[in-house]
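Here's the structure, in structure tokens; my notes come after.
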Amino acid sequence: MYPRLTIDLAKLRHNVRTMKQKLDQHGITLVPVTKVFLGLPEMVKIYYEEGIEMIADSRIENLERTALPLKKLLVRLPMLSQIERVVTSSDAALVSEIATIRRIDQTAQRLDKDYEMILMIDLGDLREGVLVTELDEFLSQLPDLKRARFSGIGTNLTCYGGVLPTEENLTELVACHKKLEDRLGYAVPIISGGNTSSLYLLDQGDIPPEINMLRIGEAIVLSRESAMGNTLPGMYTDVFTLEAELIEVKQKPSLPWGEIGRDAFGEVPNHEDRGLMLRGILAVGKQDVNYGYLEAPPGVELMGASSDHTIVDLKNGAYQVGDILSFQMEYGGLLQLMTSGYVEKVFR
Ligand SMILES: Cc1ncc(COP(=O)(O)O)c(C=O)c1O
């Protein structure tokens with residue numbers, strides 16, 4: 001069935017192994033983030049077999065998919081309305097709100113379960129976390145906890161504000177860790193220094209030695225480092241391939257004719273005149289993936305899309321109806337393709 005996303009498990013295994021070895025060398029625990037592939041058990045199994053002990057995901061539904069004996073970290077701040085499910089189905093969560101911490105502890109007591117929390121610090125990216133300037137005040141408000149415990153402190157960068165991790169801001173995180181331990185009076189073992197965007201610091205030798213955990217999604221699955229956008233050497237960029245079928249191949253003009261109004265998405269299109277061209281229509285559309293996230297094969301150019309159709313310039317190549325074209329993709333495209341129920345997932 002097309003469109004389909006083929007997932008090469010051997011290449012994934014290689015990437016997990018390579019990334020784990022790299023972090024091991026720096027004394028950093030690799031906690032893979034599984035959300036981009038919805039925590040598919042077939043893939044999580046590879047992580048487990050490669051010696052991963054904890055996985056992370058932003059959705060509790062994804063963490064619930066695997067039955068393997070892995071520790072599970074929720075990396076989106078828990079919703080108050082979902083605390084019971086979160087405490088039941090995971091072992092740890094990122095937190096930044098007193099009300100949430102209190103509720104987690106109450107729920108853990110009721111469920112007779114120990115639960116771990118990682119306190120998030122906002123170092124400027126302006127997504128989740130306590131501001132450094134407000135940490136003292138926050139710590140003074142921490143309630144006494146019975147079954148919930150802080151196992152770590154962490155930060156997340158380059159996701160919303162585009163702020164890069166640096167030796168300076170991660171050193172601030174280390175200072176916050178000291179404050180947290182002083183306030184709690186027990187050892188807090190984890191300092192979680194970010195996501196894929198922190199990897200470049202490792203290569204530069206600029207990551208503070210106290211950082212001992214990274215939560216890595218993109219670098220493993222696409223072998224792409226997100227701070228500078230570089231490809232990581234020695235890893236596969238093509239674990240995933242989208243295959244889509246041509247449902248029309250015709251010589252047509254490049255400019256629409258008639259009076260131009262809005263397209264299916266409310267935009268007024270702006271077309272370039274390329275004269276007569278060989279146009280292809282693929283049976284995949286914006287309901288599955290935004291074509292801007294796709295990388296076309298040589299000799300093919302992506303031109304546009306509507307909900308169910310993607311238009312390509314076939315550059316007068318030898319194509320016919322029924323041919324299958326293959327595409328690599330960026331992170332956003334992978335997320336959409338994985339989430340689309342119309343895209344078959346096939347393991348190789
Ligand atoms: C809190 C948190 N940590 C880690 C990650 C992993 O990010 P990346 O895929 O860039 O490694 C994400 C996003 O998926 C996240 O939201």
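Which three semi-axes in whole Å describe the equivalent ellipsoid of segment 84-203, each the square root of 5 times a Cα gyration tensor eigenvalue, listed largest first? If you can, show how the numbers build up before the last one.
Working: eigenvalues 128, 48, 32 Å².
Over the Cα atoms of segment 84-203, the semi-axes work out to 25, 16, 13 Å.
Mean separation of Cα pairs under 8 Å and 6 or more residues apart, divided by the residue count, gives the chain a relative contact order of 18 percent. What GluC sites (Glu not before Pro) does segment 258-348 have in DSSP loop regions with at most 14 other beta carbons within 10 Å? The qualifying sites are 259, 267, 272.
By a 1.4 Å probe calculation restricted to protein chains, residue 203 has an accessible surface near 100 Å², given to the nearest 10. Distance from the C-alpha centroid of segment 102-136 to that of segment 230-295: 43 Å, rounded to the whole angstrom.
Extending 7 Å from the Cα toward the beta-carbon at both residue 88 and residue 6 defines two label points whose distance is 4.0 nm. Largest accessible area first, the residues 228, 43 order themselves as 228, 43 under a 1.4 Å probe with ligands, DNA and RNA left out. The listed residues 33, 268, 44, 163, once ranked by accessible area (1.4 Å probe) with the largest placed first, stand as 268, 163, 33, 44. Per atom type, the chain shows carbon and sulfur on 49% of its accessible surface, probed at 1.4 Å. Comparing Cα centroids, segment 147-194 and segment 16-68 end up 21 angstrom apart. For the pair residue 271 and residue 238 in one chain, pulling the backbone fully straight at 0.36 nm per residue adds 8.7 nm over the alpha carbon distance. Distance distribution P(r), segment 240-347, all Cα-Cα pairs, bin width 10 angstrom from 0: 14, 46, 32, 8, 0 percent.
With a Förster radius of 45 Å applied to the beta-carbon distance between residue 146 and residue 323, the computed FRET efficiency rounds to 0.10. Relative contact order of segment 240-347, please, whole-number percent, based on alpha carbon pairs below 8 angstrom and at least 6 residues apart. Once divided by the residue count of segment 240-347, the mean separation gives 33 percent. Kindly report, to the nearest 10 Å², the accessible surface of residue 9 as traced by a 1.4 Å probe over protein heavy atoms only. Accessible surface of residue 9 is approximately 30 Å². Accessible area of residue 215 (1.4 Å probe, protein heavy atoms only, ligands and nucleic acids ignored): about 10 Å².
With 0.36 nm allotted per residue and the present C-alpha distance subtracted, the residue 65-residue 160 stretch has 31.5 nm of extension available. So what's the chain giving for Rg/Rh, alpha carbon basis, Kirkwood Rh from the mean inverse pair distance? Answer for the chain: 1.05. The calculated FRET efficiency for the pair residue 111 and residue 183, based on their C-beta separation and a Förster distance of 22 Å, comes to about 0.25.
Shape analysis of segment 11-106 yields a ratio of the Cα radius of gyration to the Kirkwood radius, Rg/Rh, of 1.01.
Rg of the Cα atoms in segment 41-152, relative to 2.2 N^0.38 Å, amounts to 1.11. Accessible area per residue for the chain is 47 Å², calculated with a 1.4 Å probe on protein heavy atoms, without ligands, DNA or RNA.
By the helix-only formula, in which each DSSP H run with n ≥ 4 contributes -39500 (n - 2.57) and the sum is divided by residues, the chain has a 222 nm mean residue ellipticity of -8000 deg cm²/dmol. With a cut-off of 11 Å on the backbone N, the residues of segment 157-172 near the modelled label site 7 Å out from residue 126 along Cα-Cβ are 160-163.
The values are calculated or read from the model by the stated rules, or taken from the named source; none is laboratory data. Quick caveat: nothing in here was measured; it's all calculated off a predicted structure. Backbone-built Cβ (ideal geometry, glycine too); neighbour counts: all protein chains shown. All accessible areas refer to the heavy atoms of the entire protein, side chains included, with ligands and DNA or RNA removed. Shrake-Rupley method; radii C 1.70, N 1.55, O 1.52, S 1.80 Å.
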